[in-house]
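The values are calculated or read from the model by the stated rules, or taken from the named source; none is laboratory data. For clarity, every value in this text was computed on a predicted model and none was experimentally measured. Cβ atoms come from the backbone with ideal geometry, glycine included; neighbour counts cover every protein chain shown. Keep in mind that these areas ignore ligands, DNA and RNA; they rest on the heavy atoms of the full protein, side chains included. Shrake-Rupley method; radii C 1.70, N 1.55, O 1.52, S 1.80 Å.
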Amino acid sequence: MKAALERLGFGPCYHMAEIGSNPDHVDRWLPAVSGLPLDWDSVLDGYRSAQDWPASFFWREQAEAYPDAKIVLTVRDPHRWYVSMQALIATRRDVPPDLPEAGAAVLRTMERLRPVLDLIGESTFGDTWDFQRGMPDEEIAVAAFHRHVAVVQKSLPADRLLVFDVREGWEPLCRFLGVDAPAGEPFPRLNDSETMRRALQQLLTDGSIDSTFISGTHD
């Protein structure tokens, strides 16, 4: 979705990877842990769209702050999502102790963000959430998935919301956003487990993600 939105002219798109590459961004999110309202113009300064945690967790607040903005609710098979989330958390958690300094710096950044991620995890899955243990039982997680989809659909008017499965390709997304679909280009496919594993490995090695992981040139 990040790659697709940026290809359509709605970039830069805010994503968790931005925090790994910009440690000072953690300070934009920490007030939420104390229950303070976030200043969205400051949080999203320099960005035209947002996707992924932590931004997507605060969809209500952003919808209110930007009443003309459209919201895309991405959906997929919840059981495959669960497996993907398990793998993602394990990759971020089970890292070698002898990381290069650039990778260690990314881990320090994510540790500073940890209170925000715990807030999100507990709010989403319940107070039994524990990042070190990983995802809760599949039944609990899948129920949270369905609950989230239902709440978003119920809370937003139809003209502001697109429920979107990326397997549908460019057409419904471009129609909703009022832009032309890129002629002859396949929809970006970046979120498969192997691509994510390589991207995270690079992030933990040299502190950055190569532009090919974001631009959509990987299949």
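Here are some notes:
- Number of the exception - Ala3 against (1) open to solvent by 50 Å² or more (accessible area, probe 1.4 Å); (2) part of a helix (DSSP H, G or I): (1)
- Residues within the range 123-177 that are among the β-branched types (Val, Ile, Thr) and without any contact (Cβ under 8 Å) to a residue 40 or more places away in the chain, tallied: 3
- Residue ID - most open to solvent (accessible area, probe 1.4 Å), chosen from residues in the range 29-49 that are hydroxyl-bearing (Ser, Thr, Tyr) and without any contact (Cβ under 8 Å) to a residue 24 or more places away in the chain: Ser34
- Against the test of being among the hydrophobic types (A, V, I, L, M, F, W, C) and open to solvent by 70 Å² or more (accessible area, probe 1.4 Å), the options Val83, Val75, Val26 yield a single qualifying residue, Val83.
One line per residue, one yes/no per condition, for (1) at pLDDT 95 or above; (2) touching a Pro at 6+ places or on another chain (Cβ under 8 Å); (3) open to solvent by 40 Å² or more (accessible area, probe 1.4 Å):
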residue	(1), (2), (3)
Pro100	no, no, yes
Thr109	no, yes, no
Thr128	no, yes, yes
Met135	no, no, no
Arg147	yes, no, yes
Glu168	yes, no, yes
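- Residues (among the hydroxyl-bearing types (Ser, Thr, Tyr) and within 20 Å of Gly134 (Cα to Cα)) located in the range 33-91: Ser56, Tyr82, Ser84, Thr91
- Exactly one residue out of Leu203, Leu162 is within 19 Å of Lys2 (Cβ to Cβ), at pLDDT 95 or above and of a type outside the set (Asp, Glu): that is Leu162.
- Boolean, Asp52 is open to solvent by 40 Å² or more (accessible area, probe 1.4 Å) and closer than 26 Å to Leu173 by Cα: yes
- Among the residues making up the range 28-48, a single one is closer than 24 Å to Ala104 by Cβ and more than 18 Å from the chain's Cα centre (by Cα): Val33.
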